[in-house]
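Here the structure comes first, spelled out in structure tokens, and everything after it is commentary.
The values are calculated or read from the model by the stated rules, or taken from the named source; none is laboratory data. Source: prediction; values computed, not measured. Note: ideal-geometry Cβ built from the backbone for every residue, glycine included; neighbour counts use all protein chains shown.
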Amino acid sequence: MEVDKKDEREAESSEQVVNPWEVSAKDGGKIDYDKLIDKFGCQRFDESLIDRVQRLTSRQPHVFLRRGVFFAHRDFNEILDAYEKGDKFYLYTGRGPSSEALHLGHLIPFMFTKYLQEAFKVPLVIQLTDDEKCMWKNLSVEESQRLARENAKDIIACGFDVTKTFIFSDFDYVGGAFYKNMVRVAKCVTLNKAMGIFGFSGEDHIGKLSFPPVQAVPSFPSSFPHLFPGKDNLRCLIPCAIDQDPYFRMTRDVAPRLGYSKPALIESSFFPALQGENGKMSASDPNSAIYVTDTAKDIKNKINRYAFSGGQDSVEKHRELGANLEVDIPVKYLSFFLEDDSELEHIKKEYGEGRMLTGEVKKRLTEVLTEMVERHRRARAAVTDEMVDAFMAVRPLPSMFE
């Protein structure tokens, strides 16, 4: 079985904590992704896979692939094998709506999923886990539902194709075939197994114990009979951050027992907080994050005041020693969002060798993020309630596999 004893506990050791609800490194250090790969049992992306994506899609791989943001996978090679033979697949990703607006870290899986949808010309389901956030956060059912629709507008603003995309709220959609699959999954997972995978304790309310099947079953095409009638063998690919891996280790363990294919995953590293790489951006600390609602002034102030610098204490020392690029957050952010590979390498070289100062790097980052956030804000302003209704309507997708 895929979930064995060494995988049953999340990385809640003295070194780092990585689970769907908490990400932190030891003593303010960095997340050790090699250890996560070993512990979770996934595989690291290599250049041959990236080259294969380019060959099969006839387009340049996304910057998140080229620069190792999406760095690990489960069975992605099998997805490509099937695709090369002419077999399609579908995409599944999601969002837990716990804040009014998204920050940049929230956008990363959706930016990458949009690329995958366009590159492979496949359908997509997006789950809004308003039920999860109601159970884990101090949110009412009604507030969770409201936030789900608000977050849906930010997701739609990323540019998804309404003819190939179904967005659903758990509170609205769970039932019928979806619920039947939830029950099938639930019967396969013991209480001990759930406690081992997710770290549940006797103090957690039973709603938390009941949630994992809800996130599992969008991996199965039969959960969406209006989208995939008669396509129960269709493979699913899930782009997500690696902290969501426990849900899908459980899903992959259960799937063959139910006669379904195991979902494949392509997993990203965390978008670090402005203050450093010991965790990920958090909606609970507004100064750790750049939001899509931040003004140009907000973005400039946050970067200048809070973005941790690898530059030296004085100009003289910086000119002599250069910046420590391993800890420098402005360079990390540029690695995510500066499209031009040659410009990024130029900045790294000049800054790393002391010819470029921290202020100059922060200024360039401010320009990049301001342009990106302004572009998103304009797209978001154009999303109407009718557009949200169209994406969330339970209807066939006529151009699913065209």
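Is it the case that Asp341 is in contact with a helix residue (DSSP H, G or I) (Cβ under 8 Å, 6 or more places away or on another chain), under 22 Å from Ile108 (Cβ atoms) and surrounded by fewer than 15 Cβ atoms within 10 Å (Cβ to Cβ)? Can you show your working first?
Values: in contact with a helix residue (DSSP H, G or I) (Cβ under 8 Å, 6 or more places away or on another chain): yes; under 22 Å from Ile108 (Cβ atoms): yes; surrounded by fewer than 15 Cβ atoms within 10 Å (Cβ to Cβ): yes.
In short, yes.
With the structure loaded, tell me whether Gln60 is surrounded by fewer than 22 Cβ atoms within 10 Å (Cβ to Cβ) and in contact with an Asp or Glu (Cβ under 6 Å, 6 or more places away or on another chain) or whether it fails that test. Spelling it out, it is not the case that Gln60 is surrounded by fewer than 22 Cβ atoms within 10 Å (Cβ to Cβ) and in contact with an Asp or Glu (Cβ under 6 Å, 6 or more places away or on another chain).
Do the conditions hold for Ser314, that is, is it farther than 30 Å from Lys137 by Cα, outside the structural domain of Pro97 (by TED's automatic domain parsing), small (Gly, Ala, Ser) and in contact with a Lys or Arg (Cβ under 8 Å, 6 or more places away or on another chain)? Taking the combined requirement at face value, the residue does not satisfy it. Are any of the residues in segment 128-135 assigned to a strand (DSSP E or B), farther than 29 Å from Gln54 by Cβ and touching a residue at least 12 places away in the same chain (Cβ under 8 Å)? Yes, the conditions are met somewhere in segment 128-135. So which residues in segment 84-94 are modelled with pLDDT under 95 and touching a strand residue (DSSP E or B) at 6+ places or on another chain (Cβ under 9 Å), if there are any at all? Those that are modelled with pLDDT under 95 and touching a strand residue (DSSP E or B) at 6+ places or on another chain (Cβ under 9 Å): Asp87, Lys88.
Given the criteria more than 24 Å from the chain's Cα centre (by Cα) and assigned to a helix (DSSP H, G or I), does Ser335 qualify?
The answer is no for Ser335.
Checked against the criterion of being more than 30 Å from Phe178 (Cα to Cα), modelled with pLDDT under 95 and surrounded by fewer than 18 Cβ atoms within 10 Å (Cβ to Cβ), segment 68-76 has at least one qualifying residue.
Scanning for something out of contact with any Leu (no Cβ under 7 Å at 6 or more places or on another chain), surrounded by fewer than 23 Cβ atoms within 10 Å (Cβ to Cβ) and not in a helix (DSSP H, G or I), does segment 114-124 turn up at least one residue? The answer is yes, given that some residue of segment 114-124 is out of contact with any Leu (no Cβ under 7 Å at 6 or more places or on another chain), surrounded by fewer than 23 Cβ atoms within 10 Å (Cβ to Cβ) and not in a helix (DSSP H, G or I).
Got a number for residues in segment 294-311 being of a type in the set (S, T, N, Q) and either touching a residue at least 40 places away in the same chain (Cβ under 8 Å) or not assigned by TED's automatic domain parsing to the domain that holds Pro330 (or both)?
Taking segment 294-311 as the starting set, the residues that turn out to be of a type in the set (S, T, N, Q) are 295, 301, 304, 309.
Now drop any that are not either touching a residue at least 40 places away in the same chain (Cβ under 8 Å) or not assigned by TED's automatic domain parsing to the domain that holds Pro330 (or both), which leaves 304, 309.
Qualifying residue count, segment 294-311: 2.
Residue pairs whose Cβ atoms lie under 7 Å apart, sitting 6 or more positions apart in sequence or on different chains, and linking a residue in segment 378-391 that is under 10 Å from Arg149 (Cβ atoms) to a partner that is at pLDDT 95 or above, are Val388/Arg149; Val388/Ala152; Val388/Lys153; Val388/Ile156.
Checked against (1) modelled with pLDDT under 95; (2) polar (S, T, N, Q); (3) surrounded by 24 or more Cβ atoms within 10 Å (Cβ to Cβ), Gln244 passes all but condition (3).
Given the criterion over 26 Å from Ser169 (Cα atoms) and part of a helix (DSSP H, G or I), identify the matching residue among Met372, Met356. Result: Met372 is the single residue among Met372, Met356 that is over 26 Å from Ser169 (Cα atoms) and part of a helix (DSSP H, G or I).
Only one entry of Ser288, Ser268, Ser309 meets the criterion of being of a type in the set (Ser, Thr, Tyr) and within 23 Å of Asn77 (Cβ to Cβ), and that entry is Ser268. Can you tell me which residue in segment 91-113 is surrounded by the most Cβ atoms within 10 Å (Cβ to Cβ), limited to those that are under 28 Å from Gln54 (Cα atoms) and of a type in the set (Ser, Thr, Tyr)? Going through the qualifying residues, I end up with Tyr92. Got at least one residue in segment 240-262 being touching a Lys or Arg at 6+ places or on another chain (Cβ under 7 Å) and either assigned to a strand (DSSP E or B) or of a type in the set (S, T, N, Q) (or both)? So far as segment 240-262 goes, yes, one or more of its residues are touching a Lys or Arg at 6+ places or on another chain (Cβ under 7 Å) and either assigned to a strand (DSSP E or B) or of a type in the set (S, T, N, Q) (or both). Being more than 30 Å from Gln145 (Cα to Cα), surrounded by 13 or more Cβ atoms within 10 Å (Cβ to Cβ), over 23 Å from the mean Cα position of the chain (by Cα) and among the hydroxyl-bearing types (Ser, Thr, Tyr) is a condition met by at least one residue of segment 346-363. Among residues of segment 264-293 that are at positive phi, those with a beta-carbon under 9 Å from a residue that is buried (at least 21 other Cβ atoms within 10 Å of the Cβ) and modelled with pLDDT of 90 or more at least six positions away or on a different chain give the pairs Gly276/Ile329.
Among the residues of segment 308-332, the one identified as under 13 Å from Glu360 (Cα atoms), of a type in the set (A, V, I, L, M) and outside any helix (DSSP H, G or I) is Ala323.
Among the candidates Asp328, Asp341, Asp313, Asp243, the residue that is out of contact with any Asp or Glu (no Cβ under 6 Å at 6 or more places or on another chain), within 28 Å of Gly199 (Cβ to Cβ) and of a type outside the set (Phe, Trp, Tyr) is uniquely Asp243.
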